Every structure is written in structure tokens, then in C-alpha cells.
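FYI, it's all coordinate maths here, none of it is from the lab. Note that the coordinates shown come from a computational prediction; the quantities given were computed from them, not determined experimentally. Please note: Cβ atoms are built from the backbone with ideal geometry, for glycine as well, and neighbour counts cover all protein chains shown.
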Amino acid sequence: MIASLGRLLGTREARKLRRDKGAMVASLVIGVYLLATIAVMCNVISRKDCSEVIGPNSVPGFFRAQPPESRFEVARTSMLKPVMRALGRSDPTAALADVKLGRWKVADKSLDPLRQIVADALVLQHELEKSENLDQDTHLESKLVEFERKTAELIEPLSKQDHWAQDMAMLLGTDAQGRSIFFRAIYSIKVAIQIGVVTAVISVLIGATLGAAAGYFGGWTDHLVVWLYTTFSSIPSLVLLVVIAYAFSDSDAKETLLPVYIAFCATFWIGTCRVIRGETMKLKQLEYIQAARTAGFGSARILFKHLLPNTAHLLLINFSLLLIGAIKSEVILSYLGLGVQSQPSWGIMIRDAGNNGDVIAGRFWQIGTATFFMFFLVLAFNILSDALQDAFDPKHL
Amino acid sequence: MRSTPSTFELLPIAPFMPHTTMPLATPLLDVRNLSVGFRTDRGDVTAIEDVSFQVRPGEILGIVGESGCGKSVTSRSIMRLLPERNSFVDSRSEILFDGVNLAQADESVMRSIRGNRIAMIFQEPMTALNPVFTIGWQLDEALKYHTKMNRSERRTHVVEMLRTVDIPHPEQRYREYPHQLSGGMRQRVVIALALCCGPELLLADEPTTALDVTIQAQILRLMDELRKNSDTAVVLITHDLGVIAQICDRVIVMYAGQIVETSEVQPLFARPQHPYTKALLESIPQPGPDHHQARLPTIDGVVPSLFELPAGCRFQDRCPYKVEQCVTEQPRLSKEVHMRKVRCFFPINES
């Protein structure tokens with residue numbers, strides 16, 4: 001096992017690949033993405049983490065300093081307001097225990113000191129609200145700091161670990177529902193890679209089997225396969241994807257990724273099938289395949305054991321191209337609301353950003369994060385598959 | 001123009017010496033009236049017509065002729081390798097291999113015979129081995145399929161086979177890929193592959209054409225030794241009369257899908273009876289001062305297209321001895337006289 005791996009790394013193709021700096025960086029990037037995928041699969045970030053409201057709405061990400069207006073909003077709506085509302089209830093103690101915002105809890109104080117803090121904060125709030133625009137009224141800065149300090153007193157200080165977790169969750173800000181963009185983007189990696197790998201594997205398997213059978217046997221097998229893929233490819237693929245996604249919209253499988261898999265596999269095998277069919281037609285004329293027949297081997301054995309291994313380079317390149325294709329299509333389909341349903345996905349994040357008016361309001365962190373996560377993954381895969389193509393091309397040094 | 005020296009003048013392996021005398025042994029392969037045709041867009045054509053011959057164990061039968069005269073179709077139809085969709089074998093044709101008619105045999109019967117009892121060697125050693133597998137894997141695969149040997153027995157046998165075909169360091173070669181071997185070495189591996197299940201009949205389709213003359217001689221010597229040691233029958237297809245002279249016992253000369261002459265090697269070279277055979281022999285370059293200035297004789301014209309076969313003798317357009325009868329009437333293969341048959345109205349050199 002180790003010996004054969006060593007031989008694999010020592011091959012000419014592997015050496016060519018290692019000389020290619022771009023390919024190595026791309027592999028590194030893909031490696032990081034794969035690590036993230038594994039982490040998500042090990043439940044480091046669960047689906048619950050992604051749907052939980054962990055902080056105030058639309059808090060900026062990318063370490064951007066918050067403008068006074070939004071600092072005021074955060075303190076008022078996510079700290080002062082819930083506590084104030086709980087205090088007004090018939091059973092304030094129970095209501096206070098229920099107030100929860102991510103990892104934050106109401107400070108462990110008796111009702112009277114809390115009422116006092118709220119009253120003080122409300123005075124400050126009124127003064128601040130007199131201003132038309134806090135962003136321009138710089139003289140109110142000290143009042144704002146005072147207000148923030150007061151409202152913070154309502155909250156139990158976080159433990160060190162919770163503080164770190166909270167910081168991580170808030171790293172790239174929150175979306176309109178107050179959910180962590182960072183966590184959702186990380187979770188989307190797993191969704192994207194999962195869809196990419198599953199569809200690429202299945203599509204390559206279908207394409208290779210049908211293509212090889214068509215090319216090798218010819219005759220009616222060939223006619224059938226060619227008819228099948230010309231028919232499928234005459235339907236615009238996005239339309240087909242939409243139709244299949246709709247067909248599943250009432251079934252139980254809607255919540256799973258199954259419709260997406262079926263929709264993608266139905267169209268993605270065509271390219272591989274075409275390439276492998278052509279290659280098989282070429283290879284079967286070669287003498288070693290004829291020699292395999294003269295050695296008495298059956299057709300299936302010749303096809304799968306002697307012929308298909310000779311198309312391994314094509315299968316590998318097709319696999320990496322399909323992987324990118326599937327990831328991109330998944331984002332598009334999810335953006336249209338037809339793809340992933342109950343899990344985070346970059347497509348859903350981009351759609352949310354648009355629907356909530358984030359983009360118009362200048363809250364770019366959600367759409368930005370989703371785009372960049374996808375961009376780097378697709379770019380890295382493109383560079384790698386390009387490099388693979390070069391590495392396996394005998395005419396390219 | 002550079003004329004390639006023919007092997008049989010260069011090599012000291014006794015030419016013109018029939019190997020053994022065993023005309024009485026029962027034939028291993030008995031081909032009777034084999035006619036094979038192809039379906040094409042322009043209608044059906046007959047590629048080989050009424051070909052009959054016999055091969056006995058330990059005998060080397062040479063089939064010689066120009067390109068397109070049906071040599072390869074003959075060997076491929078014995079192996080039933082022609083695409084069934086666009087080829088057909090005449091219903092009167094019989095290919096009796098050890099009593100079994102291969103022309104009518106099931107595909108499953110063919111699979112158990114191919115590679116196991118009848119093996120085939122192809123012309124191009126560069127593409128006759130699968131580039132993605134090691135030499136050892138490819139030999140092992142054939143053994144695994146046809147024999148019940150276990151892994152270590154197979155390995156021993158493969159290494160032994162590689163040694164038999166004179167491959168140096170067989171243990172090391174076992175692990176190597178085809179691209180790591182030279183053309184001659186690859187052809188040896190191809191022969192080892194053909195011989196590893198101990199076939200009774202070996203069909204060699206131009207096994208030395210792609211090799212240079214020294215390697216060619218080694219390969220021929222190897223095949224000669226193998227048939228002596230294991231009594232394998234060999235059908236050697238070639239267009240090189242030098243190769244025929246070197247190791248064959250009997251020869252079939254084919255022209256445009258028909259047998260035009262069949263004979264033992266020595267009489268054929270000494271006294272060719274068919275004008276085509278004579279012309280072929282004359283077009284072998286002869287070394288020595290007598291021939292130094294003379295132009296090498298060639299046969300004018302080309303083999304007639306299968307779609308436009310003449311009514312009479314198929315060689316008429318290129319034959320210097322053509323008369324009226326050749327145009328109107330098709331000559332039949334003569335009765336066997338001194339192990340010879342000829343398809344000509346006026347055989348030359350007839351005693």
C-alpha cells in the first residue's frame with residue numbers, strides 16, 4: 001500500500017504536478033476546504049449552530065468598525081429591549097431567565113438593580129434619540145459609550161471559552177436573522193463538497209460505463225447510448241434541473257440532497273460518456289485489445305479490466321471538471337430556491353442577502369463571504385484540473 | 001532507394017531445409033473451402049475464397065502474399081476475430097481444429113480455445129501490450145483465466161516463460177511496464193504471452209515485420225526452437241519470402257483472396273510454378289557483383305480491388321504470360337502433385 005503510494009508519487013505525472021506552483025497552492029487550498037468538510041462532518045459546526053440566533057441582526061463582518069448608528073441599534077435592540085420587556089411581564093424572574101441571545105444571558109442580579117440600570121439606560125437612550133443621525137453628531141460619542149456600558153451591565157460577562165466561541169461566530173458578522181455568517185459559510189463548504197463529490201463520482205461512473213459499452217460493442221448499444229445522450233443534452237440542462245427539483249418539491253426527499261443529486265447526475269454524465277465513447281472506439285482498434293480477445297477473455301473483462309484503465313487520465317480530469325460544475329450549479333439552483341432546502345448553502349446565503357435588502361443597505365458581509373468561499377474553491381479546482389490535464393498530457397513537458 | 005537485405009541471405013540458419021518429414025501425421029488444423037466476405041456500403045465482397053489447407057503438429061506453414069490478398073483475414077477467421085456484424089463466413093466453410101469446427105462453434109467454446117489452445121501473435125509489438133499494466137500482470141492474467149495454477153505457481157511459470165523467450169533478468173522485467181522495453185523485447189513478451197498457456201497452434205500474423213533484421217532473426221530462431229521443443233504447429237503470415245525460406249516447412253502463396261500456389265519450401269524456391277510466385281521471388285534483392293547494376297525487378301500494377309475482380313484469372317493484368325483463356329476462364333487449383341498445387345493454366349517449371 002505504502003509502496004504503491006510511493007510509486008504513484010514518483011511517477012512522471014506526479015513529478016510534473018509537483019513542479020507546478022499554482023497546482024500546489026491550489027491543492028493546499030483544496031486541502032483546507034476538505035479539512036473544513038471533515039470538521040463539519042465531525043459536528044464541529046452543527047446545523048443547529050448555523051440556524052441559531054447568536055447575536056444582533058446584520059452586524060458587520062470582516063472586522064469592520066461599527067458606525068455609531070448601528071452600535072446604538074445593537075445596544076438598544078439586542079440588550080436593553082429584551083430585558084426591559086421581560087421586566088414588564090407578570091413574572092419577571094421567569095421571563096428574565098428566558099431571555100437568551102446566543103451565549104449571552106441576563107446578569108445574575110435581583111430585579112431592582114436591573115430596573116435601575118434600565119431606567120438609567122432609557123434616559124441615555126432618549127438623549128441619543130434626539131439626534132437625527134448619530135454618525136454625524138460626533139459630540140454624542142461619550143454619551144453613546146456610556147449607553148453601551150450601561151446596557152452591557154444587564155448582561156452576564158461571558159466565560160473565556162464562550163467569549164472565544166462568540167468571537168468566532170461573529171467573525172464575519174451576522175445575517176438579517178442574527179445567525180453567524182461564518183458558521184453558515186463553513187457549513188456550506190460541506191454541502192458543496194458533498195454534492196460535488198457524490199454527483200461527480202456517480203456521473204463519471206455512469207458516463208464511463210455507458211460510453212465504454214457504446215464504443216466497444218457498437219451496433220444497437222451504441223445507437224441507444226447516443227440516442228440517450230443526444231436526447232438529454234437537447235434539453236437545456238438548467239431547465240431539466242428545475243423540472244427535477246420541482247418534481248421532488250412535494251415528496252419527503254425534499255429535505256434531503258437527493259433531488260439535487262438526481263438532477264445533476266441526469267445531465268452531468270453526458271460529457272464523460274461522449275469522451276469515453278470516442279476513446280474506447282480508438283482503443284479497441286489497438287492490438288493489445290485485440291490481443292486480449294485472442295487470449296480468450298470475455299467482453300466484460302476486456303472492457304473493464306483492459307480497456308477502461310487506459311482511460312483513467314480522462315476519467316480523472318472529467319471528475320475534477322464535474323466537481324466544479326456541480327458546486328457551481330448547486331449554488332445557482334439554491335439561489336433559485338430549488339436546490340438545498342434545509343441546510344445552509346452559499347446559494348441560499350446570496351439569495352438571503354438580496355431578499356433582505358442587505359446589498360442595497362450596504363451590508364455586504366453575507367453575500368461577500370458566500371461569494372469568496374465559493375470563488376476560492378472553484379478557482380483552486382480549476383487550477384488543479386488544468387494542471388492535471390497538463391500533467392497527463394504526454395506532449396506537454 | 002535503400003533495399004533492405006532479406007534475412008535469408010544474411011543468416012546462417014540452414015535455409016531450404018525442411019524441418020521434419022511428417023506428412024502422415026493427422027492435421028491439427030484442417031481448413032476446408034474457407035470463404036469469408038464483408039458487408040460494405042457498396043455491397044458484399046468476398047475477401048477470401050475457397051481457401052483450404054492443413055497444418056500438422058510441429059509444422060510451420062507459411063502464408064505469403066502482398067498486402068490485401070487475404071492473409072490476415074484467413075488467420076482472423078480461424079480465431080473468429082472478424083466483426084460479426086459486417087463479415088460473413090460461407091456456410092460450406094469448415095475450420096476443423098482437432099475435430100471441432102470453429103466456423104460453427106459457440107462463442108464460449110471459442111473463448112476456451114482462444115489463448116489456451118490457439119494463440120496469436122500480432123505484427124506491431126509497440127501496441128500489442130497494454131501500456132498501463134506490467135509485463136507480469138499481463139502474463140499472469142492469461143494464466144489466471146485459463147489455468148488453475150495458484151499465485152506462486154503462476155509467477156514461477158511466468159518468469160520461466162520470460163526466460164524461455166530469452167528475456168534477460170526475467171524477475172526484474174516481471175515488474176516493468178511495456179514502455180520500458182525495446183521493440184524486440186516487447187515482441188518476445190508478446191510471444192511469451194502467446195505461449196504461456198502452451199497452445200497447440202500458434203497464428204503469427206507478420207510477427208517480425210516491424211522489427212529490424214537482427215531482432216527478426218532472433219525471433220524466428222526462437223519460434224523455430226519452440227516448435228521443435230513443444231511440437232507446436234505454427235501458421236506464419238508474412239510478406240517476406242526470406243522469413244518463409246528460413247523456417248517454414250510448407251508455403252501457401254495467396255493472391256487476391258485465393259491460394260495460387262502451395263508447396264513445400266524447397267521446391268517452391270527452386271522451381272516456382274505460378275507466375276506470381278516467380279515474380280515475387282525475382283523481386284528479392286540479390287547481393288553480389290552479378291546483380292550490382294541491374295534494376296530490381298518489380299511486379300507492375302496492384303492487386304485488383306475486391307469490387308472489381310476480373311472474370312478470369314485474378315493475376316491476368318500483371319501476368320507476362322497472359323493468353324486469351326486467362327481472361328475468359330478462371331483457373332482452378334490443380335490436383336496435388338508432389339505435395340504441390342498451383343492455380344494456373346500454364347504453370348511454369350513443370351517437370
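By the Cβ rule of 4.7 Å, chain B holds the following cysteines without a possible disulfide partner: B:C69, B:C196, B:C197, B:C248, B:C319, B:C344. If only the Cβ of Lys and Arg carry +1 and only the Cβ of Asp and Glu carry -1, the dipole of the protein assembly as shown around its Cα centre is close to 840 debye. Each of A:W227, A:A300, A:M170 was placed along the dipole of chain A (beta-carbon charges, centred on the mean Cα), and the one lying farthest toward the positive end is A:A300. So if the hydrodynamic radius of the stretch A:17-98 is defined as the Kirkwood radius over C-alpha pairs, what does Stokes-Einstein give as its diffusion coefficient at 10 °C and 1.306 mPa s, in µm² per second? The Stokes-Einstein estimate is 92 µm²/s. Taking the Cα centre of the stretch B:218-278 as origin and assigning +1 to Lys and Arg Cβ atoms and -1 to Asp and Glu Cβ atoms, the resulting dipole is close to 120 debye. Calculated mean residue ellipticity, 222 nm, chain B: -8500 deg cm²/dmol, from DSSP H runs (n ≥ 4) at -39500 (n - 2.57) each, averaged per residue and rounded to 500. Against chain A, whose longest principal axis comes from its Cα atoms, helix A:346-355 is set at around 40 degrees. Helical runs (DSSP H, four residues minimum) scored at -39500 (n - 2.57) apiece and divided by the length of chain A put the mean residue ellipticity at 222 nm at -22000 deg cm²/dmol. With respect to chain A, whose longest principal axis is taken over its alpha-carbon atoms, helix A:365-392 is tilted by about 20°.
Ranked by the mean number of other Cβ atoms within 10 Å of their residues, highest first, the peptides A:13-25, B:194-206 fall in the order B:194-206, A:13-25. Mean sequence separation of contacting Cα pairs (under 8 Å, at least six apart), scaled by the length of the stretch A:63-171, corresponds to a relative contact order of 37 percent.
Put simply, when A:40-46, A:150-156 are sorted by average Cβ atoms within 10 angstrom per residue, most first, you get A:150-156, A:40-46.
Placing +1 on the Cβ of every Lys and Arg and -1 on the Cβ of every Asp and Glu, with nothing else charged, gives the stretch A:1-58 a dipole about its Cα centre of roughly 500 debye.
State whether the stretch A:63-171 is rounded, prolate or oblate according to the following rule on the C-alpha gyration tensor (a ≥ b ≥ c being the square roots of its eigenvalues): a/c under 1.5 gives rounded; otherwise a/b larger than b/c gives prolate, and the remaining case gives oblate. Verdict is oblate for the stretch A:63-171.
Of the residues A:P259, A:P236, A:A312, the one whose Cα sits farthest toward the positive end of the charge dipole of the stretch A:222-364, with +1 on the Cβ of Lys and Arg and -1 on the Cβ of Asp and Glu, is A:A312. For the stretch A:311-397, the C-alpha radius of gyration sits at 1.39 times the compact-globule guess of 2.2 N^0.38 Å, with N the residue count. Projecting the Cα positions of B:L96, B:V260, A:A208 onto the charge dipole of the protein assembly as shown (unit charges on Cβ atoms of Lys, Arg, Asp and Glu, taken about the Cα centre) puts B:L96 furthest along the positive direction. In this calculation the C-beta distance from A:V53 to A:R18 is compared with R0 = 56 Å, giving a FRET efficiency of 0.75.
Restricting the calculation to Cα atoms, every distinct pair contributes to the Kirkwood radius of chain B, found to be 21.3 Å.
What is the Cα centroid distance between the stretch B:285-340 and the stretch B:174-234, reported in whole angstrom? Here the answer is 32 Å between Cα centres.
Ordering A:238-248, B:215-225 by mean Cβ neighbour count within 10 Å, with the highest value first, yields B:215-225, A:238-248. Rg/Rh for the protein assembly as shown stands at 1.24; both radii use Cα atoms, and Rh follows the Kirkwood definition.
Look at the stretch B:130-136: the mean tally of other chain Cβ atoms within 10 Å of its residues' Cβ atoms is 4. For the stretch B:200-351, the extents of the C-alpha atoms along the principal axes are 50, 43, 36 Å, listed from largest to smallest. For the residues of A:293-306, the average number of beta carbons from a partner chain within 10 Å of their own beta carbon is 6.
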